[in-house]
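The values are calculated or read from the model by the stated rules, or taken from the named source; none is laboratory data. All of these numbers come straight from a predicted model, not from anything done at the bench. Reconstructed Cβ throughout: ideal geometry from the backbone, glycine too, with neighbour counts over all protein chains shown.
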Amino acid sequence: MECVVVELNLNRRRFLQYSAGVAALMSMPRFALASTQSPKIINFNNLHTGEHLQTCYFDGKNFVNTELDKVNHICRDFRRNEIHPMDRRLLVQISEIQRLLATDAEVQIISGYRSPATNESLRAHGHKGVARKSLHMQGRAIDIRLSGIDIAKVHKAALQMKAGGVGYYPGSRFVHIDTGAVRSWHG
């Protein structure tokens with residue numbers, strides 16, 4: 001067996017840059033690395049506003065900013081008409097759930113971004129499962145169902161990714177996904 005020694009001439013700055021790049025790649029879920037090879041299309045339906053959006057948010061190489069703006073709009077806090085940027089990783093998670101379930105079913109939005117005022121109002125009116133420091137207020141969470149797909153299957157696929165928080169609300173027929181720590185709960 002032949003051993004090849006490669007000598008790298010790295011200064012401290014370049015070493016830190018390479019290290020940061022490797023750390024970023026290692027922290028990404030496995031599916032995120034594999035899923036960035038082709039364009040990603042999602043069909044959204046906001047159940048509260050009746051709005052529909054078909055978006056190609058990723059063109060195979062880059063996120064498409066004009067499409068992300070459309071996603072931010074359809075995921076807005078409809079009660080206050082406030083728009084906030086949604087975490088791109090949520091879109092990657094949704095696409096991966098669809099891939100795992102071999103479907104391109106419409107993604108029905110129950111709740112996307114929630115302003116702090118809306119979040120507090122929901123808590124005050126006794127909505128169960130509304131966290132005081134909800135990631136919805138940071139655009140890092142979304143509550144969804146997939147049209148025609150058993151919610152238990154959506155839940156199982158979301159758990160399989162191990163990409164963030166997963167809340168299962170079978171009574172209300174939706175799954176919460178977020179980009180926080182990996183954890184799960186039933187509501």
The one condition in (1) in contact with a helix residue (DSSP H, G or I) (Cβ under 8 Å, 6 or more places away or on another chain); (2) modelled with pLDDT of 95 or more; (3) within 18 Å of P85 (Cβ to Cβ) that V154 fails to fulfil: (3)
Single residue of the stretch 170-185 satisfying the filter (free of Cβ contacts under 8 Å to residues at least 24 places away in the same chain and assigned to a loop (DSSP other than H, G, I, E, B)) that is farthest from D150 (Cα to Cα): A181
Matching entry among A131, A157 (being part of a helix (DSSP H, G or I) and either surrounded by fewer than 19 Cβ atoms within 10 Å (Cβ to Cβ) or over 12 Å from the mean Cα position of the chain (by Cα) (or both)): A157
Qualifying residue in the stretch 85-94 (condition: surrounded by fewer than 16 Cβ atoms within 10 Å (Cβ to Cβ) and either touching a Cys at 6+ places or on another chain (Cβ under 8 Å) or more than 29 Å from P39 (Cα to Cα) (or both)): no
Selection from the stretch 121-137 of residues that are modelled with pLDDT under 80 and of a type in the set (S, T, Y): none
Residue list for the stretch 74-96, restricted to those being outside any loop (DSSP other than H, G, I, E, B) and either of a type in the set (S, T, Y) or under 15 Å from the mean Cα position of the chain (by Cα) (or both): I74, R88, R89, L90, L91, V92, Q93, I94, S95, E96
Condition check for M26: exposed (fewer than 15 other Cβ atoms within 10 Å of the Cβ), at pLDDT below 95 and assigned to a helix (DSSP H, G or I): yes
Members of the stretch 53-71 that are in a strand (DSSP E or B), crowded, with 17+ Cβ neighbours inside 10 Å and either under 15 Å from the mean Cα position of the chain (by Cα) or of a type in the set (V, I, T) (or both): T55, Y57, F58
